[in-house]
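The values are calculated or read from the model by the stated rules, or taken from the named source; none is laboratory data. Not measured: the values here are computed from a predicted model. Glycine gets a Cβ as well: all are built from the backbone with ideal geometry, and neighbour counts include every protein chain shown.
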Amino acid sequence: MRATDLPSADWRKSSYSGGEAGQCVEIAANLVASHGMVPIRDSKAPTGPILGLRVDAFSSFVAGIKAGQLGTV
């Protein structure tokens, strides 16, 4: 999926993203209810691919980040 596939997306940067030009993730929370998924993209590549995670998978992903269970690349 690409950004052009979600023209009504209201992208916001994750509070867990670094302030530098490093790990920057954005989500379009306004589309969760209508699409049943959480659209995610790299803020450094706004026209690039979009990953869509089911809400339960996204919740597990965020819990893993908060718990420090996911390493950095």
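Quick look at the values:
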| quantity | calculated |
| --- | --- |
| Residues satisfying the stated conditions in region 27-59, i.e. acidic (Asp, Glu) and at pLDDT 90 or above | 56 |
| Scope region 54-73; condition surrounded by 12 or more Cβ atoms within 10 Å (Cβ to Cβ), closer than 15 Å to residue 14 by Cα and hydrophobic (A, V, I, L, M, F, W, C); matching residues | 58, 61, 62, 65 |
